[in-house]
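Visitor: This is the structure, below, for whatever I ask next.
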Amino acid sequence: MKFVAAIDVGGTSIKAALVSQELEIIETISAPTPREDFSGIETARSIASIVHDLEKLHIASAIGFAVPGALNEESGVSRWSGNLGWKDLPIKELVSNEVKRPVAFGHDVRSGALAELRSGAAVKYQQSIFIPIGTGIAAALIIDGKIRSSDGYAGEIGHLNVGHDLKCVCGLSGCLETISSASAISKEYLKKTGNQLSAKEILGRIKTDDHAYQVWEQAIAYLAVALEELITILSPEAIVFGGGLSQAGSALLAPLNAILDDRLTFQRRPELLIAHYGANAGTIGCAIMALDLLPSEAT
């Protein structure tokens with residue numbers, strides 16, 4: 001039995017797991033993502049430390065890790081990541097130097113899409129979109145049964161202008177992720193109430209707290225604007241939601257379905273689905289990338 005380390009680097013935390021070749025999660029570890037680590041060195045060291053801790057159970061034969069932003073996956077370079085503060089950073093090389101074993105590198109969203117395409121909610125579709133909603137928002141585009149990245153630039157839907165006036169880390173206003181991401185929901189609730197709550201906590205209050213309901217309704221409305229644009233341009237058969245807010249289930253899907261029922265006319269109407277692997281889709285995708293590095297007889 002072979003094992004790999006799966007590392008999903010987010011804007012807020014690093015989620016890691018030791019995963020078997022059967023895609024069973026054996027152990028998980030979460031640690032804060034180093035802040036203002038513009039050189040990437042502290043992040044690489046944190047990943048190495050996490051892998052060391054995971055290996056108290058089994059040795060990892062390979063490492064699969066993913067990060068957000070615009071990437072050159074082939075060269076292992078983060079071209080730009082607003083939430084991490086990286087620009088033209090050779091992050092794969094930095095991590096490889098620290099862990100000293102085979103390393104697979106990819107985009108956090110496309111790694112989640114890989115898991116859903118191989119053995120999750122997107123298996124039966126040739127045309128689909130995977131959208132995890134977390135600290136930021138991006139999409140993985142599955143076209144003709146393959147994940148398409150356009151040299152690593154495609155899918156940054158968090159920076160679609162959906163028509164509001166909030167400033168974004170990219171330098172512009174109106175971006176989707178500044179109004180509909182988990183972090184944005186938390187910030188909007190704080191502005192309205194003075195109370196700092198997580199998006200999950202806010203979601204739990206939408207039936208009893210008018211401010212929570214208003215923030216959630218606003219986030220859904222702007223997300224629907226982006227979905228309408230994606231559907232019109234790409235005509236997916238399904239849209240699969242992952243990330244922490246996918247746990248909202250019907251509270252996410254029902255209002256989106258209602259808005260799309262009103263807004264779509266000639267367009268193909270996609271199924272809206274929750275990721276099979278939920279918030280773990282990125283982790284499983286990282287494990288698959290690492291397993292793909294191993295000799296076929298080992299996997």
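Visitor: With Gly106, Gly158, Gly152 as the choices, which residue is touching an Asp or Glu at 6+ places or on another chain (Cβ under 6 Å) and more than 28 Å from Arg268 (Cα to Cα)? Steps first, answer last, please.
Guide: Values: Gly158 fails: more than 28 Å from Arg268 (Cα to Cα); Gly152 fails: more than 28 Å from Arg268 (Cα to Cα).
After applying the criteria, what remains is Gly106.
Visitor: Inside segment 231-251, can you point out the residues that are β-branched (Val, Ile, Thr) and farther than 29 Å from Glu201 by Cβ?
Guide: Looking only at segment 231-251, we keep the residues that are β-branched (Val, Ile, Thr), and these are 231-233, 239-240.
Matches in segment 231-251: Ile231, Thr232, Ile233.
Visitor: Quick one: Arg268 ticks every box in (1) assigned to a helix (DSSP H, G or I); (2) surrounded by fewer than 16 Cβ atoms within 10 Å (Cβ to Cβ) bar one, so which box is it?
Guide: Tallying (1) assigned to a helix (DSSP H, G or I); (2) surrounded by fewer than 16 Cβ atoms within 10 Å (Cβ to Cβ), Arg268 fails exactly one: (1).
Visitor: Go through (1) in contact with an Asp or Glu (Cβ under 7 Å, 6 or more places away or on another chain); (2) part of a strand (DSSP E or B) for Phe241 and report which single condition fails.
Guide: Only one criterion in (1) in contact with an Asp or Glu (Cβ under 7 Å, 6 or more places away or on another chain); (2) part of a strand (DSSP E or B) is unmet by Phe241, namely (1).
Visitor: Do you know which residues across segment 226-235 are more than 15 Å from Ala254 (Cα to Cα) and either crowded, with 16+ Cβ neighbours inside 10 Å or in contact with a helix residue (DSSP H, G or I) (Cβ under 7 Å, 6 or more places away or on another chain) (or both)? Break it down into steps so the answer makes sense when it comes.
Guide: Pass one, segment 226-235, residues more than 15 Å from Ala254 (Cα to Cα): 226, 228-235.
Once the filter is applied, which keeps residues that are more than 15 Å from Ala254 (Cα to Cα) and either crowded, with 16+ Cβ neighbours inside 10 Å or in contact with a helix residue (DSSP H, G or I) (Cβ under 7 Å, 6 or more places away or on another chain) (or both), segment 226-235 yields Ala226, Glu228, Leu230, Ile231, Leu234.
Visitor: Do you know which of the residues in segment 118-155 that are of a type in the set (Val, Ile, Thr) and over 25 Å from Ser198 (Cβ atoms) is surrounded by the fewest Cβ atoms within 10 Å (Cβ to Cβ)?
Guide: Of the residues in segment 118-155, the ones of a type in the set (Val, Ile, Thr) are 123, 129, 131, 133, 135, 137, 142-143, 147.
Filter again for over 25 Å from Ser198 (Cβ atoms), leaving 123, 129, 142-143, 147.
Working: Val123: 11, Ile129: 25, Ile142: 26, Ile143: 15, Ile147: 22.
Ranking the candidates gives Val123 first.
Visitor: To continue, here is another question. Kindly indicate whether Val51 is part of a strand (DSSP E or B), touching a helix residue (DSSP H, G or I) at 6+ places or on another chain (Cβ under 9 Å) and farther than 29 Å from Cys168 by Cα.
Guide: On the way: part of a strand (DSSP E or B): no; touching a helix residue (DSSP H, G or I) at 6+ places or on another chain (Cβ under 9 Å): yes; farther than 29 Å from Cys168 by Cα: yes.
Criteria not met by Val51.
Visitor: Return the pair list, or none, for Cβ contacts closer than 8 Å from residues in segment 252-268 that are within 16 Å of Ile206 (Cα to Cα) to residues that are not hydrophobic (A, V, I, L, M, F, W, C), at least 6 apart or on different chains.
Guide: That search, which allows pairs on different chains as well, returns Leu252/Ser246; Pro255/Glu217.
Visitor: Can you find, within segment 136-184, the residue that is nearest to Val67 (Cα to Cα) among those that are in a strand (DSSP E or B) and of a type outside the set (A, V, I, L, M, F, W, C)?
Guide: Within segment 136-184, the match that is nearest to Val67 (Cα to Cα) is Arg148.
Visitor: Which residue is farthest from Leu253 (Cα to Cα), if the candidates are limited to segment 192-221 and must be of a type in the set (Ser, Thr, Tyr) and out of contact with any Lys or Arg (no Cβ under 9 Å at 6 or more places or on another chain)?
Guide: That would be Thr193.
Visitor: Mind counting the residues in segment 120-135 that are in contact (Cβ under 8 Å) with a residue 60 or more places away in the chain, assigned to a loop (DSSP other than H, G, I, E, B) and farther than 29 Å from Gly171 by Cα?
Guide: Residues that pass the stated criteria total 6.
Visitor: Condition first: touching a helix residue (DSSP H, G or I) at 6+ places or on another chain (Cβ under 9 Å), surrounded by fewer than 17 Cβ atoms within 10 Å (Cβ to Cβ) and at pLDDT below 95. Now tell me which residues in segment 248-265 satisfy that.
Guide: Listed by number, the list holds a single entry, Ala251.
Visitor: Restricting attention to segment 50-57, does a residue exist that is in contact (Cβ under 8 Å) with a residue 60 or more places away in the chain and either outside the structural domain of Val95 (by TED's automatic domain parsing) or touching a strand residue (DSSP E or B) at 6+ places or on another chain (Cβ under 6 Å) (or both)?
Guide: No: segment 50-57 contains no residue that is in contact (Cβ under 8 Å) with a residue 60 or more places away in the chain and either outside the structural domain of Val95 (by TED's automatic domain parsing) or touching a strand residue (DSSP E or B) at 6+ places or on another chain (Cβ under 6 Å) (or both).
Visitor: Considering only segment 59-69, I want to know if a residue exists there that is assigned by TED's automatic domain parsing to the domain that holds Leu223, buried (at least 24 other Cβ atoms within 10 Å of the Cβ), at pLDDT 95 or above and assigned to a strand (DSSP E or B).
Guide: So far as segment 59-69 goes, no, none of its residues is assigned by TED's automatic domain parsing to the domain that holds Leu223, buried (at least 24 other Cβ atoms within 10 Å of the Cβ), at pLDDT 95 or above and assigned to a strand (DSSP E or B).
Visitor: Tally the residues that are buried (at least 17 other Cβ atoms within 10 Å of the Cβ), more than 20 Å from the chain's Cα centre (by Cα) and among the polar types (S, T, N, Q), restricting the search to segment 72-101.
Guide: 1
Visitor: Please identify the pairs in which a residue from segment 214-241 that is under 15 Å from Gly174 (Cβ atoms) and charged (D, E, K, R) has its Cβ atom under 9 Å from the Cβ atom of a residue that is modelled with pLDDT of 95 or more and outside any helix (DSSP H, G or I), counting only partners at least 6 apart or on another chain.
Guide: Every condition considered, the pairs that remain are Glu229/Leu160; Glu229/Val162.
Visitor: Related question: Select from segment 185-206 the residues that are under 24 Å from the mean Cα position of the chain (by Cα) and part of a helix (DSSP H, G or I) and list them in ascending order.
Guide: Correct list: Ile185, Ser186, Lys187, Glu188, Tyr189, Leu190, Ala199, Lys200, Glu201, Ile202, Leu203.
The values are calculated or read from the model by the stated rules, or taken from the named source; none is laboratory data. If you're wondering where the values come from, they're calculated on a predicted model, not measured in any experiment. Backbone-built Cβ (ideal geometry, glycine too); neighbour counts: all protein chains shown.
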